[in-house]
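J.: First the structure, then my questions, so here it is.
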Amino acid sequence: MSVGGAAVRLLGATALLTTLGLLRAAPVAAADAPALQFPDGAASFQANCAVCHGPAGAGLPSLAPPLLSYPAHYATSAAGRRQLAITVLYGMFGEITVEDKRYDFKMPDFARLDDATLAATLNFVVFDLDHAPASVKALSAADVAAERAQALDGAAVREHRKSVVPAGS
């Protein structure tokens, strides 16, 4: 087969795969993406959270819930902000429902990370992934430190969650 014939076959195969939706468009260039408000939090999220919650926080079916529904809402109240901090500090286990889907998992604790890193990670989730409005106050290292002083277990974290989640969720 000639080189020209191989090129034609390759172009034909590419066109077929594209038509069938098997090839995807190239990702958007980083220059086109909006600037992150919390780049340090993004790095921590990718290193610690993305394996279960997915790189964009959309969750993984039957493994971990999406982080695109509640974190921005949580950040608007004292009880919700506490929930965010204690979840990353102490983990959470047991059944929860998010967006009408049930998850029964054991999220590990991330207490080994310092307070500033945990606050940045939470802020990345709240502002960069869940797009909380600018009127919402960012979590601080002091917010995380205050919760670190009150040790809990994953079951207690899940129980506290009931006070901040909309009824039926």
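Read the figures in this text as sums done on the coordinates, not as results from a lab. Everything numeric here is computed off the predicted structure, so don't read it as measured data. Here the Cβ is made from the backbone with ideal geometry for all residues, glycine too, and neighbour counts use every protein chain on show.
J.: For region 38-161, what does the alpha-carbon gyration tensor say about shape, rounded, prolate or oblate, given a ≥ b ≥ c as the root eigenvalues, a/c under 1.5 as rounded, and a/b over b/c as prolate?
T.: On the way: a/c = 1.32, a/b = 1.11, b/c = 1.19.
Note, shape of region 38-161 comes out rounded.
J.: Please work out the FRET efficiency for the pair residue 105 and residue 140, using the Cβ-Cβ distance as r and a Förster radius of 35 Å; give the result to the nearest 0.05.
T.: Calculated transfer efficiency: 0.80.
J.: Given H placed 1.01 Å from N in the peptide plane, which residues other than close sequence neighbours of residue 105 have an amide H under 5 Å from its amide H?
T.: Those qualifying (amide H under 5 Å, at least 5 residues apart or on another chain) are 94, 96.
J.: Residue 56 to residue 162: extension gain in nm, 0.36 nm per residue of separation minus the Cα-Cα distance? Present the calculation step by step, with values, prior to reporting the outcome.
T.: Details: separation 106, 0.36 × 106 = 38.16 nm, distance 2.51 nm.
Full-extension gain reported as 35.6 nm.
J.: Another one. Under a Cβ-only charge scheme (Lys and Arg +1, Asp and Glu -1), can you give me the dipole magnitude of region 38-161 about the Cα centre, in debye to the nearest 20? Please report the intermediate quantities before stating the final value.
T.: On the way: 10 positive and 14 negative charges, 22 e Å.
About 100 debye.
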